[in-house]
Amino acid sequence: MDNQLRYQASSDSAAAQAKSPREGAGWRDFITVTKPGIIRSNLIAAFAGYWVASGWDVQYGKLILTLLGTMLVMASACVFNNYFDRDLDMKMERTRERGLPTGRLKPNVVLMYAIGLGIAGLAVLFAFCGMLAGLFGIVGVFVYVVIYTLWLKRTSTWSTSVGAISGAMPPVIGYVAVTGTVDLGAWLLFAMLFLWQPPHFWALGIRRKEEYRAAGFPLLPVVKGVRRTKFQMIPYVALLLPVPVLMYAYDYAGIFYLVISLGLSVAWLYLTIIGFKAKDDDAWAKKNFFFSINYLTVSLIALVLNTIHG
């Protein structure tokens, strides 16, 4: 009997430890809460915007400061997002092991971290990159934190499309840091990133729709279904086709970029359309999602390498 009691006590203790919050946040938790994957793509986009505007005549010191400011501002927005979504993150398998849901990071610490990153990032942008760069930094944070995270993400299927405004700010910040003005080049860079995001995220949403449903997110595949989501992806991908054409026609980039980016756009549109014949929606969505990542990465690299000299 004593052995049974000791065994039961040991089991109860182990279960309690498994359920209790993990103690001690590490530096990896503070990195993870900034969403490094998003930051990486933002930095590539901001670099491309700065490079296109410079036309190879690059002020590298200002470029570094622009990337630093953009990184800090976008990291701030992502940390705010994690702070406000911590209750919902506990309900999703892919997010429940993050620092906030597990208790490794304390909410007040994360909130101060987000505020500090935002202040530092905006200070860099306003001080070294120009008024417009700073203002677009504010727009990016406001849209992502207030309009997307606090409002639409919990209430509307429009959250993905509206939130894409924030994700399209990095290349514009990079561009206006050089030009000090919003011209066609800035709008085309905005269009590329804005149009890319909804179909990219909806492909992920199709794969994870049951997780989003369980967490209470009114994502398009959850509310309207997979077929409706496939229809809605098409115009966004189709509208990407004119972007490289206009970049080439108005001497922002050369024929090398035009052929590569336009070819990728056509291929992505084809892949999206044939989704209606897919027998396995999950496999199709996975292929579409990874193609979208490669589309953006290769298009931005081609744009940088084939930027017209100023």
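Listing for the model above:
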{"quantity": "Extension reserve of the ALA283-TYR270 stretch, reckoned as 0.36 nm per residue once the Cα distance is removed", "calculated": "3.1 nm"}
{"quantity": "J(HN,Hα) series, the range 195-204, from Karplus relation 6.51 cos²θ - 1.76 cosθ + 1.60, nearest Hz, glycine and proline x", "calculated": "6, 5, 5, x, x, 4, 6, 5, 4, 5"}
{"quantity": "Alpha-carbon gyration tensor eigenvalues x 5, square-rooted, for the range 104-245, Å", "calculated": "29, 24, 9"}
{"quantity": "Amide proton proximity set for ARG104, modelled H, under 5 Å, gap of 5+", "calculated": "ARG22"}
{"quantity": "Distance in nm between pseudo-label sites at ILE115 and PHE142 (7 Å out along the Cβ direction from Cα)", "calculated": "2.0 nm"}
{"quantity": "In degrees, nearest ten, helix 169-179 long axis to first principal axis of the chain (Cα)", "calculated": "40 degrees"}
{"quantity": "On Cα atoms only, tilt of 226-238 relative to the major axis of the chain in degrees", "calculated": "30 degrees"}
{"quantity": "In degrees, nearest ten, helix 131-142 long axis to first principal axis of the chain (Cα)", "calculated": "30 degrees"}
{"quantity": "The range 254-305: trypsin sites (Lys or Arg not before Pro) in DSSP coil with no more than 12 other Cβ atoms inside 10 Å", "calculated": "LYS279"}
{"quantity": "Positive-pole candidate from SER166, ILE255, TYR83, dipole of the chain, charges at beta carbon", "calculated": "TYR83"}
{"quantity": "Alpha-carbon centroids, the range 46-107 and the range 157-187: separation in whole Å", "calculated": "15 Å"}
{"quantity": "HN-Hα J in Hz across the range 188-194 - Karplus 6.51, -1.76, 1.60, θ = phi - 60°, x for Gly and Pro", "calculated": "5, 5, 4, 4, 4, 6, 5"}
{"quantity": "Cα-centre dipole for the chain with unit charges at Cβ (Lys and Arg positive, Asp and Glu negative), debye to 20", "calculated": "800 debye"}
{"quantity": "Accessible surface of the chain [probe 1.4 Å, protein heavy atoms]: carbon and sulfur percent", "calculated": "65 percent"}
{"quantity": "Shape box of the chain [Cα atoms, principal axes, largest first, Å]", "calculated": "85, 52, 31"}
{"quantity": "Karplus 3J(HN,Hα) series, Hz, for the range 58-75 with 6.51 cos²θ - 1.76 cosθ + 1.60 (x for Gly, Pro)", "calculated": "9, 8, 5, x, 5, 4, 4, 5, 5, 5, 5, x, 4, 4, 5, 5, 5, 4"}
{"quantity": "Additional length obtainable on full extension of the chain from LEU150 to ASP251, 0.36 nm per residue less Cα span", "calculated": "32.3 nm"}
{"quantity": "Heavy-atom accessible area per residue - the chain, 1.4 Å, Å²", "calculated": "48 Å²"}
{"quantity": "Potential extension, ASP87-VAL223 segment - 0.36 nm per residue separation minus Cα distance", "calculated": "46.9 nm"}
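The values are calculated or read from the model by the stated rules, or taken from the named source; none is laboratory data. Just so we're clear, the structure is a prediction, and the values are computed from it rather than from any experiment. As a convention, Cβ positions derive from the backbone with ideal geometry for all residues, glycine included, and neighbour counts pool all protein chains shown. SASA here: full protein model, heavy atoms, side chains in, ligands and nucleic acids out. Shrake-Rupley method; radii C 1.70, N 1.55, O 1.52, S 1.80 Å.
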